[in-house]
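Take a look at the structure set out below.
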Amino acid sequence: MSDIGIGIVGGGYMGKAHAVAMSAVGAVFETRLRPRLEMVAASSRESAGRYRDAFGFARAAADWAELVNDPRVEAVIIASPQDTHRAVAEAALSQGKPVFCEKPLADNIEDARAMVAMAETAGVPNMVGFNYIRTPASQFARRLLAEGAIGDVTWFRGEHTEDFLADPETPFSWRCEGVANGNMGDLAPHPINAALALMGPIARVLADVECVHDSRPGGRVTNDDHAQIMVRFASGVMGHIYSSRVATGRKMGYAYEIHGTKGAIRFDQEDQNTLWLYRAEGPEAERGFRKILTGPAHPDYAAFCQGPGHGTGYQDQIIIEARDFLRAIETGEPVWPTFRDGLAVAEVVEAVLASARAGTWTQVDQP
């Protein structure tokens, strides 16, 4: 067992989540590498100092460069705004330091491609943060699909719906300007990632992207509120993805439904410890979706709790990510999702925006 110095760039919502995860992962999964919260960087030394004291870091940095260049920081987690991702990642990778970057990989496709090239040239462990697909229920869904439990898949529907901007009187904020901060940069990557994880590569898309409330108290909105996307997977299967930040009543509507020739699967993140499975077998009068409560028999559940149905939560997903990142560092083997997997999501987002502008089916560039 050995320790590893962790530096986190950003101490806000996700910075805190990763700090808590790195503090807990050794005990939860009994990892051989034990994280040491070495340094946190924020927009100022004062705010970094507050995060240091609140989260238990040894030191605080005035900026990300100080953190990345510190020899006691051996691995870097990027939880800062998207327009900083490339610079931080490339600086860390150039020194051979493993990098975990929150999604989306970058704020534009060119930077995302450059980050992948740098990571693969450097040969350094790298991951991108897509936590929702790591719930025990969704991991189990992936296993069921791989085993052919519902036969040949014929259709996929995925969504990520929330309502934090459903009220047109909600004041203008940073979320209301720039493509990277809109629905397509913020929410859409999650159901796209789910589609890729569950169904494989997307070949082409036909999309409609819309700003529902283009004016808010304090400014004009310059990005999208929601998008609907028809997809055709490389396998030939058809599907649909919807993402929205104006879906009134939805709080964490990360959901999917998958139909096959022998059954179907349903999942909704608002009930993240439940998976619904339908098997086309037995008398017709007795058929129906079966509610499966996750428990120790499902992937990564037992490390948190020995009781079936007791459930895992959001923070546990981040702890599972932390375990995977440490595993990649320890073994030197890529652990999904890597930067290249993050780029695959970005390529779909790019195709969606192009399709919405042209009003036609658009091919997805394969990273």
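What follows draws every value from the coordinates through simple rules; no lab data is involved. Predicted model, so just to flag it, every value in this text is computed and none were measured. Note that each Cβ is placed from the backbone with ideal geometry, even for glycine, and that neighbours are counted across all protein chains shown.
Note that the range 235-294 shows a convex hull volume over its alpha carbon atoms of 123 Å³ per residue.
Straight Cα distances below 16 angstrom link Lys16 to the lysines Lys103, with same-chain residues fewer than 8 positions distant left out.
With N the number of residues in the range 2-131, Rg(Cα) / (2.2 N^0.38 Å) evaluates to 0.97.
From most to least packed by mean Cβ count within 10 Å, the peptides 283-289, 103-109, 357-363, 90-96 give 103-109, 90-96, 357-363, 283-289. Using 0.36 nm per residue and subtracting the Cα-Cα separation, the extra length available between Ser2 and Asp214 on full extension is 71.1 nm. Most tightly packed first, judged by the mean number of other beta-carbon atoms within 10 Å of their residues, the peptides 51-64, 182-195 read 182-195, 51-64.
Of all aspartates and glutamates in the structure, the ones whose alpha carbon falls short of 15 Å from that of Lys97, not counting any fewer than 8 places away in one chain, are Asp3, Glu38, Glu66, Asp70, Glu74, Glu120, Glu330, Glu333.
Could you line up Ser243, Ser138 from fewest to most neighbouring Cβ atoms inside 10 Å?
Details: Ser243 29, Ser138 25.
Neighbour counts put them in this order, fewest first: Ser138, Ser243.
Counting every other Cβ atom within 10 Å of each residue's Cβ, Asp268, Asp167 order from fewest to most as Asp167, Asp268. Taking a straight Cα-Cα cut-off under 20 Å and skipping sequence neighbours fewer than 8 places away in the same chain, the lysines within cross-link reach of Lys291 are Lys262. Note on Ile258, Ile133: ascending count of other Cβ atoms within 10 Å places them as Ile133, Ile258, the fewest first.
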